[in-house]
1. Condition first: at pLDDT 85 or above and β-branched (Val, Ile, Thr). Now tell me which residues in the stretch B:53-100 satisfy that.
2. Looking only at the stretch A:366-386, which residues are crowded, with 17+ Cβ neighbours inside 10 Å and under 17 Å from A:Ser336 (Cα atoms)?
3. Condition first: small (Gly, Ala, Ser) and on the phi < 0 side of the Ramachandran plot. Now tell me which residues in the stretch B:71-104 satisfy that.
4. Does A:Asp108 satisfy being free of Cβ contacts under 8 Å to residues at least 24 places away in the same chain and either at the interface with chain B (Cβ under 9 Å from one of its Cβ atoms) or on the phi > 0 side of the Ramachandran plot (or both)?
5. With respect to A:Arg287, is the statement that it is loosely packed, with under 14 Cβ neighbours inside 10 Å and modelled with pLDDT under 60 true?
6. In the stretch A:321-350, which residues are more than 28 Å from the chain's Cα centre (by Cα) and assigned to a loop (DSSP other than H, G, I, E, B)?
7. May I ask you to list the residues in the stretch A:72-86 that are in a loop (DSSP other than H, G, I, E, B), more than 7 Å from chain B (Cβ to nearest Cβ) and surrounded by fewer than 18 Cβ atoms within 10 Å (Cβ to Cβ)?
8. Going by the conditions given, is B:Ser173 under 20 Å from B:Arg278 (Cβ atoms) and under 12 Å from the mean Cα position of the chain (by Cα)?
Amino acid sequence: MKPVVEVSHLRKRFRLPLDKSSTLKYRMTHWRSSSRYRDLIALRDISFDIPTGQFLGIAGPNGCGKSTLLKILCRIYKADSGYARVNGEFSAFLELGVGFNPELTARDNIFLGGAMLGLTRAQLRDKVDEVFAFAELEEFAEQKLKNFSSGMQVRLAFSVAILAETDLLVMDEVLAVGDASFQEKCFDTFSRYKREGKTIVLVSHDLNSLEEYCDRVLLLNQGEIIADGPAAEVTAAYHRMVAEHALAVERDLPSKLERGDPSQWGSRAVEFVSASLIDGQGQTTRRFDTGGPITLDMQMLVHRDVGDFVCGMAIRRADGLLLAGTNTFLDHVTVSSHSPGATVSIRYTVDSLPLLAGGYIVQVSAHDVTGSEIYDHADPAASFHVNNMGGHVGMLEMHGRWQVEQEQDVPTGAFRQTAG
Amino acid sequence: MTVVAQGSGTLGAIQRPRSVFQRNLNLVRELSITSFKLKYTGSALGYVWSLVKPLMLFGIMYLVFSILLKAGTGAYDFPVQLLVAIVAWTFFTEATATAMNAVAGNGDLIRKAYFPRWILVAASTTSALLTFAINTVLVVIVTFALGHLELSWVSLLAPLYYLELIVLVLGLSMLLSALFVFFRDLGHIWEIVSLVLFYGSAIVFPFELIQTHSIKLADLAGLNPIAQIITDLRHVLVAPDKIPSMAALIGPLAYIPIAISIGVFILGFIVFHKLTPRFAEAL
């Protein structure tokens, strides 16, 4: 029997323009610079088959190529080479409720969403009541979707999404939504599909649910399949990979940005000359304490008169998870420079660092106010380590408070109140 | 014993229609009905607005060109000619203007769902066509009842000219919607082109006016499909024996605008087809 999905030597590369050139004026004035691209290889050489009836999970860190793979499978993107073939009917929900319109009633949205799946109005008409019953939304049939809570919208969207009979079901991160009882229902549906011998591809960050439901998991990293096998094994490999990666990154990272660093890209109308981290005593360091001050000092050189521009920073974990970020525009701070050759010095200070022990990476960027031209982007621009103290677990210091109330006659010593 | 209200536990799936064409047609229908509905929900007069707009344009143009500038003097029943032209023109501009955004404005759909992309253009044209069809039927019935249309056997050609208009609009819509994804200046350029076409297509004056000015210019202006469609619609609908057709005005050259309409459709189709794979990444 033919496998439901055949993927063979799939490659995909994105060319990211350094500045968006979608106006004619830009094309005409910058026609020579059309080669300013940055290549991003999303999929290197992916091959795999999915036999009928398999429940396949796909996992991997952010930017590993999961979504690109799924989009090629669903014919949204075109592969550069190789092919992805689906033998049979399939439904794809890269997001629930795609095509829904908030201005329409729930009933009309069922017809619209159903049509997106290939179902006709006549077929849906007999089914509408059943959909509302399943979504537990019987009383809201004639309400406009915009008046629904997000949980209600998700329930409706999921109920519509499973309406079409398919050989293959493709889902991207759809489990992260909905309340617990409805999630239960979603998983019941998956279990039923599994019993019925349907093939399912599930992409998720949630390794626990992958482990619970999938027969097989593919682990993607930097556009390659690095593990393929039973869920438990691959999940273990994933945990190992994250840990190793974090260690390696921490070891190899430069403590601060050096000019001409390969991690930098952009049109360089404004260029980061340095980015360094400073502690409460004004010393450049890589070691900080939770709750203490931290200042990011950025020195920039202006090459072209750009007027007002935006300078931003973000902190991420070694595996790519973005923790926090902001920019001058969001914080209503004006940064401008009018004379080429001038230097701009910008500091961003956090009085009380909310991060707990671990290694972190700082990225910086400068772009125009509309965000269409990136002047300079450096990632990693700097890295730092937060010292282990206090024993709180996780990544964030919550600055929480405990409150304990006790009857006076309870013997003392049972609990003591502590302030966070 | 109390019964706790609970939703049903399972939801059976429906078999899709086997014919892909039927599915696509159904999606076009749903999308165009939706945008037609959304256009008029929330406003008190709703659909009436899409009739008021061409009527207002007609009123102004009639006042300025026919009464003040006497552009239609000598032409047979020019007000009715003007009305027929304005209703067709309104369809042309509204359809092409909304089509411009049919792909670019649906980035979310394109990035997250698969369906043939031409459906978006077909739906946008269909929704403009719905308004146009109702307006045309209303105008034809009212003017006919008032004794202003001299319908005859030739009038049966009218649907063909309307078809030519739709083919032209579809071609332009595919072209504009695909190119607009990559060149956002096109929106402004098209506004200017529309303005030129409005005055260049003999809408607010009879086509013969160009001919009395210069035969050569008339031969050139007659190659414009909109001028040809409007002149021929006036010919077949308003008074076949009193208003000349484009063929009577510029001779065999009158085949060229028809060829252009079909050519634009083919060009639009090819360009749209070529650019389709790049939509999802560009949006």
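1. Those that are at pLDDT 85 or above and β-branched (Val, Ile, Thr): B:Ile60, B:Val64, B:Val80, B:Val84, B:Ile86, B:Val87, B:Thr90, B:Thr93, B:Thr96, B:Thr98.
2. A:Ala366, A:His367, A:Asp368, A:Glu373, A:Ile374, A:Tyr375, A:Asp376
3. Here is the first cut: in the stretch B:71-104, the residues small (Gly, Ala, Ser) are B:71-72, B:74-75, B:85, B:88, B:95, B:97, B:99, B:102, B:104.
Those that are small (Gly, Ala, Ser) and on the phi < 0 side of the Ramachandran plot: B:Ala71, B:Gly72, B:Ala75, B:Ala85, B:Ala88, B:Ala95, B:Ala97, B:Ala99, B:Ala102, B:Ala104.
4. Details: free of Cβ contacts under 8 Å to residues at least 24 places away in the same chain: yes; either at the interface with chain B (Cβ under 9 Å from one of its Cβ atoms) or on the phi > 0 side of the Ramachandran plot (or both): yes.
Yes.
5. On the way: loosely packed, with under 14 Cβ neighbours inside 10 Å: yes; modelled with pLDDT under 60: no.
No, not satisfied.
6. Passing the criteria: A:Thr334, A:His338, A:Ser339, A:Pro340, A:Gly341, A:Ala342.
7. We begin by selecting, within the stretch A:72-86, every residue in a loop (DSSP other than H, G, I, E, B); these are A:74-80.
If we keep only those that are more than 7 Å from chain B (Cβ to nearest Cβ) as well, we get A:79-80.
Once the filter is applied, which keeps residues that are in a loop (DSSP other than H, G, I, E, B), more than 7 Å from chain B (Cβ to nearest Cβ) and surrounded by fewer than 18 Cβ atoms within 10 Å (Cβ to Cβ), the stretch A:72-86 yields only A:Asp80.
8. On the way: under 20 Å from B:Arg278 (Cβ atoms): yes; under 12 Å from the mean Cα position of the chain (by Cα): yes.
Yes; evaluated as a whole, the condition is true for this residue.
The values are calculated or read from the model by the stated rules, or taken from the named source; none is laboratory data. Worth saying up front: this structure is predicted, and the values here are computed from it rather than measured. Every residue, glycine among them, receives a Cβ derived from its backbone with ideal geometry; neighbour counts consider all protein chains shown.
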